[in-house]
Amino acid sequence: MATTIDFLEMQTFVAVVTEGSFTAAAEWLETDKARVSRIVRRMEEKLGARLLNRSTRHLSVAEVGRDYLERASSILAAEAAEALVAQRTQESKGRLKVTAGPEFGTTRVDGWIADFLRLRPKVTVEVEYTNRLIDIVHEGVDVAIRIGPLPGFRAFGPQAG
């Protein structure tokens, strides 16, 4: 029997078993219990085997389900390892837009950007040193550095009045 690997199905099944219930698995997967139940039912239909024994109060793993769990866990671990390697070896690229005050920018931020660019040469950095109040969302700013009190912001602590 040839089937395709469905990582979502595997992850859902492993979550149900490790969490001990459909409800707990749904919470861990940040979805709803009905979806988790549908995924497991669809898996069992596709595989032609009952992986879980269910009653209204109890959930247990069938023998074939234990075998599946062992192999699925290994496959998911291998997938996670590949994703980790890909993430670590992926080279950063793109544009980074930075804004800072003029004095702080020229005395500190310039050096930080130079160090950053040595580590990530495929990134381009666009810098604007200004004291102007900017709208970081509308102006597409990724990093905004400002020094001093923020207008409309009341500090907390012993000196707050």
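Values computed for the structure shown
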| quantity | calculated |
| --- | --- |
| Every pair of residues 6+ apart whose Cβ atoms lie under 9 Å, when the first sits in region 57-72 and is without any contact (Cβ under 8 Å) to a residue 60 or more places away in the chain and closer than 16 Å to Thr18 by Cβ while the second is of a type in the set (D, E, K, R) and part of a strand (DSSP E or B) | Ser60/Arg54 |
| Count - residues of region 17-35 that are outside any helix (DSSP H, G or I) and open to solvent by 50 Å² or more (accessible area, probe 1.4 Å) | 2 |
| Single residue of Arg42, Arg38 found to be touching a helix residue (DSSP H, G or I) at 6+ places or on another chain (Cβ under 8 Å) and open to solvent by 40 Å² or more (accessible area, probe 1.4 Å) | Arg42 |
| Among (1) in contact (Cβ under 8 Å) with a residue 24 or more places away in the chain; (2) part of a loop (DSSP other than H, G, I, E, B); (3) surrounded by 14 or more Cβ atoms within 10 Å (Cβ to Cβ) - the single one Ala49 does not satisfy | (1) |
| Residue in region 119-141 that is open to solvent by less than 60 Å² (accessible area, probe 1.4 Å) and closer than 23 Å to Gln11 by Cα present | no |
| Any hit, region 7-16, residues being modelled with pLDDT under 95, among the acidic types (Asp, Glu) and open to solvent by 30 Å² or more (accessible area, probe 1.4 Å) | no |
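Conditions tested, residue by residue: (1) of a type in the set (Lys, Arg); (2) in contact with a strand residue (DSSP E or B) (Cβ under 6 Å, 6 or more places away or on another chain); (3) part of a strand (DSSP E or B).
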{"residue": "Ser92", "(1), (2), (3)": "no, yes, no"}
{"residue": "Thr99", "(1), (2), (3)": "no, yes, yes"}
{"residue": "Pro121", "(1), (2), (3)": "no, no, no"}
{"residue": "Leu133", "(1), (2), (3)": "no, no, no"}
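The values are calculated or read from the model by the stated rules, or taken from the named source; none is laboratory data. None of these values were measured; they are calculated from a predicted model. Please note: Cβ atoms are built from the backbone with ideal geometry, for glycine as well, and neighbour counts cover all protein chains shown. To get the accessible areas, we keep the full protein, side chains included, count just its heavy atoms, and leave off ligands, DNA and RNA. Shrake-Rupley method; radii C 1.70, N 1.55, O 1.52, S 1.80 Å.
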